[in-house]
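Participant: Before I ask anything, here is the structure I am working with.
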């Protein structure tokens, strides 16, 4: 049996190798620490686990790619900690801002920092450079400013959830370039302006102060839950329903829409619920919708037919 002997120099080299294997890239470690420093969360101490040099091991909310050991996900969802807050009788607040240093995590595929109620500031402009991003979920905070104008560079983005913040400005035209986007939620912000005509994947935009017309492409986009209520949309409902129009919920209520309900709505493959109330629509309600409740059509100019009053025959 042979016995291995290590010189002091060899031992130091081995220690260095082991330490390197169990460490994050210095640039990513620095980026995470800068990100942590820009936020304050005193109630549960979730950042207490962010110690040492191995950010891929036991750092709360941080996940790495198994092969490259590069930071892939940041998931700080307050909802998972509500029970702790309730037992301690403390509010679930995290304050501060999202540091632009997060953009140095170049392999990041998911950013989820939701429901903290106290995170403010703007979305870092550099976020559009994170080409691997699939998920951005910053809902339930106090984020302000505008959406990055070049957000359309994120070709792999499938989920963008920014509901319940204080974001202003218009929906960037570049958003129409993200063909992989299947979930977009901008509710309860201060976004205004028209809906870009190429946005065939917009959904959950209620109370966004949108104006202009409804793009025809939305009706056959594959969206199943389309909410454009409580805006300033005008013009006619596009006559563009077809076999790809499948809606579990379609809500155009509280706008300035006029004209008739388009006849092509009878060609939709399915409409489970519809709300066209509080507009200026006029004309007969298509028979395909006569099984719905009257509240879906009330407070319009002159809609008639079942479930409302009978249309007058000239």
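The values are calculated or read from the model by the stated rules, or taken from the named source; none is laboratory data. Keep in mind it's a predicted model, so treat the numbers as computed, not measured. Because the Cβ atoms are built from the backbone with ideal geometry, glycine has one as well, and the counts that use them run over all protein chains shown.
Participant: Here are some conditions: (1) touching a helix residue (DSSP H, G or I) at 6+ places or on another chain (Cβ under 6 Å); (2) surrounded by fewer than 19 Cβ atoms within 10 Å (Cβ to Cβ). Residue 131 meets all but one. Which one does it not meet?
Facilitator: Here residue 131 meets the rest and fails (1).
Participant: Let me ask something else about it. Only one residue in 119, 113, 151, 102 is surrounded by 21 or more Cβ atoms within 10 Å (Cβ to Cβ), touching a helix residue (DSSP H, G or I) at 6+ places or on another chain (Cβ under 8 Å) and under 13 Å from residue 76 (Cβ atoms). Which one?
Facilitator: On the way: 119 fails: touching a helix residue (DSSP H, G or I) at 6+ places or on another chain (Cβ under 8 Å); 113 fails: touching a helix residue (DSSP H, G or I) at 6+ places or on another chain (Cβ under 8 Å); 151 fails: under 13 Å from residue 76 (Cβ atoms).
Answer to the selection: 102.
Participant: Shifting gears a bit: So, of the residues in the stretch 238-258 that are out of contact with any strand residue (DSSP E or B) (no Cβ under 7 Å at 6 or more places or on another chain) and closer than 15 Å to residue 220 by Cβ, which turns out to be surrounded by the fewest Cβ atoms within 10 Å (Cβ to Cβ)?
Facilitator: Of everything passing the filter in the stretch 238-258, 243 is surrounded by the fewest Cβ atoms within 10 Å (Cβ to Cβ).
Residues checked against (1) in the same structural domain as residue 187 (by TED's automatic domain parsing); (2) at pLDDT 95 or above; (3) more than 21 Å from residue 184 (Cβ to Cβ):
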site	(1), (2), (3)
224	no, no, no
240	no, no, no
246	no, no, no
249	no, no, no
279	no, yes, yes
300	no, yes, yes
310	no, no, yes
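Participant: For the stretch 259-301, which residues satisfy the criterion of being surrounded by fewer than 15 Cβ atoms within 10 Å (Cβ to Cβ), within 21 Å of residue 213 (Cβ to Cβ) and touching a strand residue (DSSP E or B) at 6+ places or on another chain (Cβ under 6 Å)?
Facilitator: Hits for the stretch 259-301 are 282, 301.
Participant: Now for a separate question. Conditions: (1) out of contact with any strand residue (DSSP E or B) (no Cβ under 7 Å at 6 or more places or on another chain); (2) free of Cβ contacts under 8 Å to residues at least 24 places away in the same chain; (3) over 24 Å from residue 230 (Cβ atoms). Residue 310 meets all but one. Number of the miss?
Facilitator: Failed condition: (1).
Participant: Let me ask something else. When you go through 170, 159 one by one, which is the residue that is surrounded by fewer than 21 Cβ atoms within 10 Å (Cβ to Cβ), closer than 20 Å to residue 116 by Cα and in contact with a strand residue (DSSP E or B) (Cβ under 7 Å, 6 or more places away or on another chain)?
Facilitator: 159
Participant: Next question. Test residue 233 against the criterion of being at pLDDT 85 or above, closer than 30 Å to residue 128 by Cβ, surrounded by 15 or more Cβ atoms within 10 Å (Cβ to Cβ) and in contact with a helix residue (DSSP H, G or I) (Cβ under 9 Å, 6 or more places away or on another chain), and give yes or no.
Facilitator: No; evaluated as a whole, the condition is false for this residue.
Participant: Right, another one. Mind checking which residues of the stretch 27-61 are touching a strand residue (DSSP E or B) at 6+ places or on another chain (Cβ under 6 Å) and either closer than 21 Å to residue 133 by Cβ or free of Cβ contacts under 8 Å to residues at least 40 places away in the same chain (or both)?
Facilitator: Residues satisfying the conditions are 28, 38, 39, 55, 56, 61.
Participant: List the strands (runs of 3 or more DSSP E) inside the stretch 109-194, counting only whole elements, that have at least 3 residues being in the same structural domain as residue 98 (by TED's automatic domain parsing) and within 13 Å of the chain's Cα centre (by Cα).
Facilitator: Passing ranges, in order: 110-114, 135-137, 183-185.
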